[in-house]
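What follows is a single structure, written as structure tokens, with notes after it.
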Amino acid sequence: MPMPTPEAGPVFVPGPPVRPTQRLLEWLNETAGTAPGRLVRLPVEIRLDAQRLGIDAAVLGVGTSEDDGPDSIRLTLNDGAMGVPLAGRVRALCPPGGHDCVVWLDGYWGLPGGAFSQTPRPEADGAIRAVFSPVSVGDAVTPGRRPEDVHALVEQ
């Protein structure tokens, strides 16, 4: 009896760069924010809590100082579809003792299945707050990359 071949993973194509964020936000809302949701791969800086057990903050970006400023997209991460806490998976990719990691996350813009329409809301400092629902964690983003050179990806 022949052995089944493993199923190939999703194929992603490049979208816009992480900066400028307004262009990226428009693209995410138009391309990935419609039902049924499309799988996207985003670079996300995750800040673990002091004990490295939970997530204090998440922002779309590559770990530069401008990622969490007034032109940023801060994320509320809904990891319910992952089956295990996102913090545990990210912690394994962080340097020992470190609290900030930048990783590739595959997931859905908003809640999976279009449970609600994504309406990013502005925060007091001008940043945008949006929901992202990761389903898997990829590799760490290569340190030192410029935001203009790193692109969001969408499933083909």
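For the pair segment 68-82 / segment 44-60, the C-alpha centres are spaced 10 Å from each other.
Remark: segment 44-102 carries 47 Å² of accessible area per residue (probe radius 1.4 Å; ligands, DNA and RNA excluded).
The values are calculated or read from the model by the stated rules, or taken from the named source; none is laboratory data. Model, not experiment: these values are computed from the prediction. For the accessible areas, the whole protein counts, side chains as well, though only heavy atoms, and no ligand, DNA or RNA atoms are used. Shrake-Rupley method; radii C 1.70, N 1.55, O 1.52, S 1.80 Å.
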